[in-house]
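Notes follow the structure.
The values are calculated or read from the model by the stated rules, or taken from the named source; none is laboratory data. What you see is a predicted model, and the numbers here were worked out from it, not measured in a lab. FYI the Cβ positions are ideal-geometry reconstructions off the backbone, even for glycines, and counts take in every protein chain you see.
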Amino acid sequence: MTDKPKDWVFNDPRLKELKQDYAAYTEEDFKVWRILFERQMPNLPKAASQAYLEGVKAVKFTADRIANFEELNEVLANTTGWQVEVVPGLIDNDLFFGLMNLKRFPSSTWLRKMDQLDYLEEPDMFHDAFAHMPLLVNQPYVDFLEKLSGIALKHIQNPWAIQLLSRIYWFTIEFGLIRENGELKVYGAGILSSAGETKFSLSDEPTHFPYNVRQIMSTEYWKDRFQDKYWVIDSYEQLFNSIPEIEEVLEEMLAEKEAKN
């Protein structure tokens with residue numbers, strides 16, 4: 001991967017030139033967005049990280065309008081310099097990390113149907129937009145995404161390395177908690193888009209650990225139920241500053257596995 005030009009991903013045939021066709025959204029689409037937005041947003045002023053709440057204001061998300069990527073990209077261009085890149089859905093690891101290493105956040109544009117409000121196997125645009133994009137205006141957060149993706153690209157041919165790095169992504173970007181003014185708050189997108197897991201993750205039922213790179217990389221995660229463990233950062237700067245440690249621990253764990261084989 002390292003011998004390719006840095007912008008190789010933009011010319012990859014697996015990524016077609018896709019754009020958000022805002023005019024194509026149906027009445028049902030707008031209804032789904034509104035229901036999901038109004039069901040979750042009232043929970044977040046007390047539950048979500050301050051950075052997320054500030055991000056919602058910055059990107060101007062409302063219940064009335066499905067997120068408009070053209071407008072959003074203007075906001076991002078003037079804050080962190082990131083952009084949203086439309087993808088058809090789930091994409092291969094090299095494209096996923098390749099885009100984010102170029103400051104492009106991959107997002108689908110399709111919305112779940114009315115009969116899928118409570119459960120969806122594949123993340124839709126509500127998850128991608130509502131849960132992820134407000135934090136794209138936070139500089140340490142996006143710097144972490146960019147650098148973590150760069151590490152993944154160096155090891156993209158090694159499934160074990162990608163699995164270990166995916167655990168970091170999962171327990172931070174998707175299911176991370178942050179301590180603000182002594183209180184637990186949510187910043188992970190997988191929690192932010194789920195009213196049920198928002199309440200559960202902040203309760204006394206799961207176990208909460210201080211952010212620990214090695215511990216996270218040694219822990220498997222679940223895709224089909226609430227997590228029973230969550231890791232808590234003290235700041236987004238702490239997340240970004242852990243990048244050298246992530247590289248170091250990754251190399252150690254890869255060496256350990258190789259020594260066993």
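Does ALA129 satisfy the criteria of being part of a helix (DSSP H, G or I), closer than 27 Å to ILE233 by Cα and touching an Asp or Glu at 6+ places or on another chain (Cβ under 9 Å)?
No.
Can you tell me which residue among ILE246, ILE191 is more than 30 Å from ARG112 (Cα to Cα) and among the hydrophobic types (A, V, I, L, M, F, W, C)?
Only one candidate passes the filter, namely ILE246.
Name the residues in region 58-85 that are over 18 Å from LYS31 (Cα atoms), surrounded by fewer than 15 Cβ atoms within 10 Å (Cβ to Cβ) and among the hydrophobic types (A, V, I, L, M, F, W, C), would you?
ALA77
Take the conditions loosely packed, with under 14 Cβ neighbours inside 10 Å, over 30 Å from GLN157 (Cβ atoms), out of contact with any Gly (no Cβ under 9 Å at 6 or more places or on another chain) and touching a residue at least 12 places away in the same chain (Cβ under 8 Å) and apply them to LEU117. Does it pass?
Criteria met by LEU117.
Of all residues in region 54-86, how many are within 25 Å of VAL32 (Cβ to Cβ) and among the hydroxyl-bearing types (Ser, Thr, Tyr)?
1
From GLU256, GLU205, GLU237, GLU252, grab the single residue that is outside any loop (DSSP other than H, G, I, E, B), over 20 Å from the mean Cα position of the chain (by Cα) and at pLDDT 95 or above.
Sole residue among the options that is outside any loop (DSSP other than H, G, I, E, B), over 20 Å from the mean Cα position of the chain (by Cα) and at pLDDT 95 or above: GLU252.
Which ones in region 180-197 are surrounded by fewer than 20 Cβ atoms within 10 Å (Cβ to Cβ) and either touching a strand residue (DSSP E or B) at 6+ places or on another chain (Cβ under 8 Å) or of a type in the set (Phe, Trp, Tyr) (or both)?
LEU184
Select from region 210-233 the residues that are assigned to a strand (DSSP E or B) and surrounded by 15 or more Cβ atoms within 10 Å (Cβ to Cβ) and list them in ascending order.
Selection gives LYS229, TYR230, TRP231, VAL232, ILE233.
I'd like to verify a number: residues in region 52-80 that are small (Gly, Ala, Ser) and either at pLDDT below 95 or over 17 Å from the mean Cα position of the chain (by Cα) (or both), how many?
Within region 52-80, residues that are small (Gly, Ala, Ser) and either at pLDDT below 95 or over 17 Å from the mean Cα position of the chain (by Cα) (or both) number 3.
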